[in-house]
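A.B. asks: First the structure, then my questions, so here it is.
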Amino acid sequence: MTTRISVVVMAVLLALYLVLVGQRAVLFLGTGEPVAIVIGVTLLVLPLVGAWALVREVLFGVRAEKLGRLLESTNELPDEELPTLPSGRVERDAVDEIFPRYRAEVEAAPTDWKAWYRLGLAYDGAGDRKRARSAIREAIHLYGH
C-alpha cells in the first residue's frame, strides 16, 4: 500500500511540475529571443520525457502485480521459505541454490509467461534488478500474446 501511495504522490508532483514548467516554457517562447526559445522548447520536452517514463513504470508495476496475483490465485508462486538477513533481504546463497531450477523451467518452456515471472522473482531475490525486470517484462509480453 505504501508503494501505491508513493506512486500517487509522485504522479501528482509530476503533474504540478508539468504545469509550472509549462507556464515558464510559454513565457520563454513568447520572448522571441532564439536562446529563450531553445530554453522554452527544452522545458516542454524534458518534462514530457519524464511523464512518459513515469507512465511506463506505473504500467509495468500494474501489469507485473496482475501477473503475480494470477500466480498467487492458482498457488503457482514459488513456495520456498528462504532464510533472510536481519535487514529482511533474502540470503543470496539460498537464492543461488534454487536459481538453476527456475532457469531450467524457462529453458524448457520459453513461451510460458509463468516460468518467466518466477525466473524474474528469482533474479529479484538474488539482487539482480536489471535481469529481474527483463524477465518480468518478458512474462508480461508473453501473457499479452
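A.B. asks: Return the residues of the range 78-123 that are farther than 19 Å from S134 by Cβ and touching a residue at least 40 places away in the same chain (Cβ under 8 Å); say none if nothing qualifies.
C.D. replies: Matches in the range 78-123: L82 only.
A.B. asks: Quick check, is E80 assigned to a helix (DSSP H, G or I), among the acidic types (D, E) and farther than 22 Å from I5 by Cα? Walk me through it before giving the result.
C.D. replies: Values: assigned to a helix (DSSP H, G or I): no; among the acidic types (D, E): yes; farther than 22 Å from I5 by Cα: yes.
Spelling it out, it is not the case that E80 is assigned to a helix (DSSP H, G or I), among the acidic types (D, E) and farther than 22 Å from I5 by Cα.
A.B. asks: So if I check each of A94, A64, A53, A36, which one is under 29 Å from R118 (Cβ atoms), more than 24 Å from the chain's Cα centre (by Cα) and either in a helix (DSSP H, G or I) or at pLDDT 90 or above (or both)? It would help to see each step written out before you state the result.
C.D. replies: Working: A64 fails: more than 24 Å from the chain's Cα centre (by Cα); A53 fails: more than 24 Å from the chain's Cα centre (by Cα); A36 fails: under 29 Å from R118 (Cβ atoms).
Of the residues listed, the single one that is under 29 Å from R118 (Cβ atoms), more than 24 Å from the chain's Cα centre (by Cα) and either in a helix (DSSP H, G or I) or at pLDDT 90 or above (or both) is A94.
A.B. asks: If I136 meets every condition in (1) of a type outside the set (K, R); (2) buried (at least 19 other Cβ atoms within 10 Å of the Cβ); (3) under 18 Å from V95 (Cα atoms); (4) more than 14 Å from the chain's Cα centre (by Cα) apart from one, which number is that one?
C.D. replies: (4)
The values are calculated or read from the model by the stated rules, or taken from the named source; none is laboratory data. Computed from a prediction, not measured in an experiment: that's the story for all the values here. Every residue, glycine among them, receives a Cβ derived from its backbone with ideal geometry; neighbour counts consider all protein chains shown.
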